[in-house]
Amino acid sequence: MKPLPAPGSLLWTPWLIALLGLAAVGAAREMASPAALLGPPVALLGVNLLAAILANASFRAQPALLVFHVALLMAALLLGLGRLTYQQGWVELPIGEAFAGELSGIEQGWLHWGDLQRLVFVNEGFAREYGPDWRVKKKRTTLRWRDEEGVWRRSELGAGESLLLHGYRIDPTSNHGFAPVFEWSADPQATPIRGAVHFPSYPLYREQSHSWTIPGTDTAVLAMLLLEEAVIHPALGGVFPALPRHRLRVTAQGETRDLVPGDRFPFPGGGELRYVAMSFWMGYRVAYDWARYWLLAAFLVASGSLAWHYWRKFPS
């Protein structure tokens, strides 16, 4: 039986890369958290590379080659640390609403050290210009946010642009839609409860309906948006958000009514729902990944040092 290769041997490299590939497939299929799957093979690759640098004198005798391998080692460490400390999720905000410090679909590494409560930003509005076949031509999103000194600022983001705030990257997504605002009163003397209901992303989903249970009750409500004119014409395009003529078909406690803004729906079992106005919601992806720019720098250094090595070895 042959002994195992020594630490730092190149014979370990293809096996460790294969292990990293399997971990990447497992992470893509959500078999476990990316940090749990990718962390061990990245750490092993880093240890093997460090052992190779210490054991192989040829690395130390050639500065460019040494810088290349050190950069690769730093990239491996940054990749591992980045996966252990990252966080990402998404949030849907109606126009005029501030981020409340909570994300949906949240993923994060074991050692995440960010603080969502530091993020203070408001969805001030957005516009998407569509061409034929519902293809997006232009994007604009307006955010108002508070910096570290407590000063409110405003940013207008175009396609591919992000807001960087306290180490987090805030990206508008392609998800947005209608958000009718309702008021619910349990009885005439009670203070109404106001809230917005988010219909499915539009125009991704042309049928717009949503069901929910009124907070504090067991009353189920189904609302369906009935558009009386096209928002985005399939041949001519259009701009979203837009407020076309519409009705809301609301069903609750066995009764169905069509409402326009200002209409009230008294429930047979008590209580009243009032359709206040139509608003719109926008989806945002919020991600914390401090290592991404350092990782890019490490790869640039590795590429430059490798080019330097071959230029010195094979001068023209």
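The values are calculated or read from the model by the stated rules, or taken from the named source; none is laboratory data. All of these numbers come straight from a predicted model, not from anything done at the bench. We place every Cβ from the backbone using ideal geometry, glycine too, and count neighbours over all the protein chains shown.
Does segment 214-241 hold any residues that are of a type outside the set (A, V, I, L, M, F, W, C), in a strand (DSSP E or B) and either touching a Lys or Arg at 6+ places or on another chain (Cβ under 9 Å) or surrounded by fewer than 16 Cβ atoms within 10 Å (Cβ to Cβ) (or both), and which are they?
Just the residues of segment 214-241 that are of a type outside the set (A, V, I, L, M, F, W, C), to begin with: 215-219, 228-229, 233-234, 237-238, 241.
Remaining after also requiring in a strand (DSSP E or B): 233, 237-238.
Residues satisfying the conditions are HIS233, GLY237.
Out of LEU72, LEU54, which single residue is part of a helix (DSSP H, G or I), more than 19 Å from the chain's Cα centre (by Cα) and touching a residue at least 60 places away in the same chain (Cβ under 8 Å)?
None of the others qualify; the one that does is LEU72.
Considering only residues that are part of a strand (DSSP E or B) and either touching a Lys or Arg at 6+ places or on another chain (Cβ under 6 Å) or closer than 19 Å to PRO94 by Cα (or both), which ones fall in segment 157-173?
So the first thing to find is which residues in segment 157-173 are part of a strand (DSSP E or B), and the list is 157, 163-165, 168-173.
Selection gives LEU157, LEU163, ILE170, ASP171, PRO172, THR173.
Only one residue in PRO41, PRO34 is surrounded by 14 or more Cβ atoms within 10 Å (Cβ to Cβ) and modelled with pLDDT of 75 or more. Which one?
After applying the criteria, what remains is PRO41.
Say whether the condition of being closer than 23 Å to HIS210 by Cα, aliphatic (A, V, I, L, M) and out of contact with any His (no Cβ under 6 Å at 6 or more places or on another chain) is met by at least one residue in segment 176-184.
Checking segment 176-184: at least one residue is closer than 23 Å to HIS210 by Cα, aliphatic (A, V, I, L, M) and out of contact with any His (no Cβ under 6 Å at 6 or more places or on another chain).
Please verify whether GLY89 is surrounded by fewer than 19 Cβ atoms within 10 Å (Cβ to Cβ) and in contact with a Gly (Cβ under 8 Å, 6 or more places away or on another chain), treating the condition exactly as stated. Write out each step before concluding.
Numbers: surrounded by fewer than 19 Cβ atoms within 10 Å (Cβ to Cβ): yes; in contact with a Gly (Cβ under 8 Å, 6 or more places away or on another chain): yes.
When the stated conditions are applied, GLY89 passes them.
Can you list residue pairs whose Cβ atoms sit under 7 Å apart, with the first residue in segment 125-153 being loosely packed, with under 15 Cβ neighbours inside 10 Å and the second being of a type in the set (Phe, Trp, Tyr)? Count only pairs 6 or more apart in sequence or on different chains.
From residues that are loosely packed, with under 15 Cβ neighbours inside 10 Å, the pairs are VAL136/TYR130; LYS137/TYR130; ARG153/TRP145.
Which condition does ASP171 not pass, out of (1) closer than 16 Å to ARG274 by Cα; (2) surrounded by 15 or more Cβ atoms within 10 Å (Cβ to Cβ), if it passes all the others?
All conditions are met except number (1).
Test each condition in (1) more than 30 Å from the chain's Cα centre (by Cα); (2) in contact (Cβ under 8 Å) with a residue 12 or more places away in the chain; (3) surrounded by fewer than 17 Cβ atoms within 10 Å (Cβ to Cβ) for TRP290 and report the one that comes out false.
(1)
Those residues that are outside any strand (DSSP E or B) and either among the acidic types (Asp, Glu) or surrounded by 15 or more Cβ atoms within 10 Å (Cβ to Cβ) (or both), I need them from segment 94-111; list them, please.
Passing the criteria: ILE95, GLU97, PHE99, GLU102, LEU103, GLY109.
Mind telling me which of the residues ALA159, ALA179, ALA196, ALA186 ends up being at pLDDT below 90 and closer than 21 Å to ALA242 by Cβ? Lay out the reasoning, then the answer.
On the way: ALA179 fails: at pLDDT below 90; ALA196 fails: at pLDDT below 90; ALA186 fails: closer than 21 Å to ALA242 by Cβ.
So the residue among ALA159, ALA179, ALA196, ALA186 that is at pLDDT below 90 and closer than 21 Å to ALA242 by Cβ is ALA159.
Filter segment 154-187 for residues that are of a type in the set (D, E, K, R), touching a residue at least 60 places away in the same chain (Cβ under 8 Å) and in contact with a strand residue (DSSP E or B) (Cβ under 7 Å, 6 or more places away or on another chain) and give the result.
ARG169, ASP171, GLU183
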